[in-house]
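What follows is one structure encoded as C-alpha cells, with my remarks underneath.
The values are calculated or read from the model by the stated rules, or taken from the named source; none is laboratory data. What you see is a predicted model, and the numbers here were worked out from it, not measured in a lab. For neighbour counting, all protein chains shown are included, and Cβ atoms are generated from backbone atoms with ideal geometry for every residue, glycine included.
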Amino acid sequence: MDTTLNGSTRVPPDPEGTRVELDGRGLTVPDVVRLADAAATPDVPPGALDRVLRSWRAAGRLAAAGRLYGRGTGVGAHRSVPVTAQDEAEHGLRLLRSHAGGAGALLPARQVRAMLAVRANQLLSGGSGIQPAFVTALTDALCLGVHPAVNEYGGLGTGDLTALAQTGLTLIGERPWLTGRPEGQEPQTEEDALPGDLPPGFPVQRRHRTSRKRPADASPAGPSSQLPTPVVPQPGDALALLSSNALTLGQAALACHQLDLLLRATHAVAALSLAAVSGSLEAYAPEVHALRPYPGVARAAAEVRRLLGVPGRPYGAGRRIQDPFGFRAFPQGHGPALDAADALRRIVEVEINVPSENPLISSDGTTAHHHGAFYAAPLGLALDGLNLAVLQTAQLSAARLTALGRPDLTGLPGFLATGPASSSGAMILEYTANSALAELRSCATPASAGHAVLSHGLEEAASFASQAARQSLRAADAYTTVLACELATAVRALRLHPEPPPAFPAFTVADAVLPAGTEDRPLTADVTAAAELLPVLAGL
C-alpha cells in the first residue's frame, strides 16, 4: 500500500467514497455525523495543513522569546511554576499521562470518531501551535477505522482534558487503538481484550461476564491492523492537543442531528394523530401564526398543513370546536424545539470551526493570547435549552397518545381494542411512552445549574456542557420511544376508522410498514418498527 501523504492522510484515496473536507473553516453538523458513522472520509487541503505548520513554528519562536503557559510553565494552579527548556518535552509527556484520568464506561466508537473529526478540524483552523503530525494522525485514524479508548467521565465543559489526554497517549503509541463499527453502541471493557492486548493500568470499566467473547463491533486493533504512525511529541504539543471541548462538541453534533431528525418526524406523527381524532385545523391556520412571527411555531403549523394536504387556508372545524392541547397547542409547544435545535446547530458549527487552544497563537504569529474561550457556556446553555424544549413537545406527544385511546375523542373502542370487551388493545403503550418521558424529564434538568471549584480555587466555575451533551444523547433515545409509541397508536386508530384511510403519504408509508392486527398481542415489535420508520417520515 502506498503510504505517501495524500492531503492529510496516508490512506490512498477512495474514488468511490464520500469525502468531507476538513479545512478548519467549513465543517458542518452533518459532516461530523458522516465522519462519525464512517460514511465519509476526511480530506485536508494543503493550505489548511500549512496553516498548522505556520502556527507550530510561531509557537516555537514565541516560546524561545518568553514563557508560554503550559509549555514554559505548569498548568492550572501550577501556572507560575517554571519549566526549563530542557524539560519541556518531558513536561508535555507528564501532562498527557497525568491528565489521562477518565473513568466510567468506554464511549461508543461513533462518539469518539466525532471527537476526532472535531479536534482535527479545530487544529486546522490554526492558532494551536501543535505540530502538523498530530492532525495527520487524527485524520489517519478516521480513515483507518480505529479510535482511542475514551472513558465517559472527566469533562466539565472547560475542556475535555481526560478524553484528549487518552487520545494523545494513543496518538504517540503509549495506548492501543481500538476498532469497531461506528454504529455499535456497546462500550468496550477489559473483557473485550485478549491477555496482553492492553498495557498495565489501562483505564477500562470492569464488569462481570459469563463469556469473554468480544462483541462484533468492538475489539482492540491487532498486530495485523493498519494503524496511524505514532507521533513523536514535541514541546508544546500536549497542552495544544488538550485545550478543547472536542468530545463534548462531537457528542453535541450527534445529538443535534438526531433530535433535528426526530423533530421533523414529529410533524408527520402529529398530523396522523390529528387525522385519527378528526381534529380541527383552525389552530394551524396561517392567519393565526402570522400574528406572532415565531419561526419555529409557524414552521410546525405549516408542516402539519402540508403533510395533511391543506397547505393553504384549512377549511372545516373538525369534530370539536376546540381540541385538547396536544392537538390545538402543538405548534406552540413544538416550535420552540425547532428553534432550539437551530440555535444549537449554529453554536456547534461556530465552535468546531475556530481555534479553542489556550494560549492562542495569533494568525500573524507575533502574539500568544491567554484566554477563557474554552469555557463552553454558550454550548451548555444551548444544549440545556434544547433538552427542555424537547421535553415540552414530548409531553404533548404523550398527551396525544392518551387521547387516541379515548372513545369520546375518536369514536373508536377504548384503547383501540378489538375482540372481547375486556381487551386491552394499545393500553400499555401509554405506560411505555410515559416511562421514556420520565427519562427525558431527568435529561431536561439543566446541567448548567451545576457548580464546581477546582485547581486550588483558580477554576471556580464550570459550564457543565459535557454533562448537557450526554443528557441530549439520552434525551434523543427517550424521545424516539415516546414518538414511536404515538406513531404506532395513531396508525392503529386510522386503520380502525370506518371511513377509508387517508391518502396522504405519511399514512401510506406507515401503513405499509407497521405490523397489522388489533388483537391483544405483544407490541414491542410495533414500537421498534415505528422507531425505525421515523427517519423516513422526517424526509417526507
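Annotations for the structure displayed:
- Among the residues of the range 436-447, at least one is modelled with pLDDT of 95 or more, surrounded by 15 or more Cβ atoms within 10 Å (Cβ to Cβ), among the β-branched types (V, I, T) and farther than 23 Å from L487 by Cα.
- Hey, A488 within 21 Å of T402 (Cα to Cα), in contact (Cβ under 8 Å) with a residue 60 or more places away in the chain and of a type in the set (G, A, S) or not: yes
- For the range 30-68, filtering for residues that are closer than 19 Å to L247 by Cα and either among the acidic types (D, E) or outside any loop (DSSP other than H, G, I, E, B) (or both) leaves 10.
- Only one of the listed residues (L409, L429) is part of a helix (DSSP H, G or I), in the same structural domain as A373 (by TED's automatic domain parsing), at pLDDT 95 or above and of a type outside the set (G, A, S). That residue is L429.
- Flag if V310 is modelled with pLDDT of 90 or more and in a loop (DSSP other than H, G, I, E, B): no
- Leading residue by the ranking (modelled with the highest pLDDT) among those in the range 55-104 that are under 13 Å from A238 (Cβ atoms) and of a type in the set (K, R): R97
- Here A421 passes the criteria (1) at pLDDT 95 or above; (2) surrounded by fewer than 21 Cβ atoms within 10 Å (Cβ to Cβ); (3) among the hydrophobic types (A, V, I, L, M, F, W, C) except the one numbered (1).
- Condition check for S448: over 26 Å from L272 (Cα atoms), in the same structural domain as A271 (by TED's automatic domain parsing) and either part of a helix (DSSP H, G or I) or in contact with a Ser or Thr (Cβ under 6 Å, 6 or more places away or on another chain) (or both): yes
- Total residues in the range 44-70, condition more than 16 Å from T367 (Cα to Cα) and either within 19 Å of the chain's Cα centre (by Cα) or surrounded by 20 or more Cβ atoms within 10 Å (Cβ to Cβ) (or both): 3
- Set side by side, the residues V482, V509 differ, and just one is in contact (Cβ under 8 Å) with a residue 12 or more places away in the chain, closer than 30 Å to L381 by Cα, in a helix (DSSP H, G or I) and not charged (D, E, K, R), which is V482.
- Put simply, of A255, A270 the only residue that is within 30 Å of F415 (Cα to Cα), touching a Ser or Thr at 6+ places or on another chain (Cβ under 8 Å) and crowded, with 21+ Cβ neighbours inside 10 Å is A270.
- Index of the failed condition, T170 passing every other in (1) under 26 Å from A64 (Cβ atoms); (2) free of Cβ contacts under 8 Å to residues at least 24 places away in the same chain: (1)
- Any hit, the range 27-41, residues being in contact with an Asp or Glu (Cβ under 8 Å, 6 or more places away or on another chain) and small (G, A, S): yes
- The lone exception for R521 - which of (1) part of a helix (DSSP H, G or I); (2) closer than 19 Å to I428 by Cα; (3) out of contact with any Gly (no Cβ under 8 Å at 6 or more places or on another chain) it fails: (1)
- Index of the failed condition, A438 passing every other in (1) of a type outside the set (D, E, K, R); (2) in a loop (DSSP other than H, G, I, E, B); (3) farther than 19 Å from L344 by Cα: (2)
- Flag for V310 being closer than 30 Å to A89 by Cα, surrounded by fewer than 17 Cβ atoms within 10 Å (Cβ to Cβ) and among the hydrophobic types (A, V, I, L, M, F, W, C): no
- Residue in the range 96-103 that is among the aliphatic types (A, V, I, L, M) and more than 16 Å from L164 (Cα to Cα) present: no
- Evaluation of V44 against (1) modelled with pLDDT of 95 or more; (2) within 21 Å of H257 (Cβ to Cβ) (one fails), failing number: (2)
- Exactly one residue out of L381, L396, L360 is in the same structural domain as P286 (by TED's automatic domain parsing), among the aliphatic types (A, V, I, L, M) and in contact with a strand residue (DSSP E or B) (Cβ under 8 Å, 6 or more places away or on another chain): that is L360.
- Considering T136, T189, T170, the condition of being out of contact with any Ser or Thr (no Cβ under 8 Å at 6 or more places or on another chain), modelled with pLDDT of 95 or more and either among the polar types (S, T, N, Q) or surrounded by 19 or more Cβ atoms within 10 Å (Cβ to Cβ) (or both) is satisfied by T170 alone.
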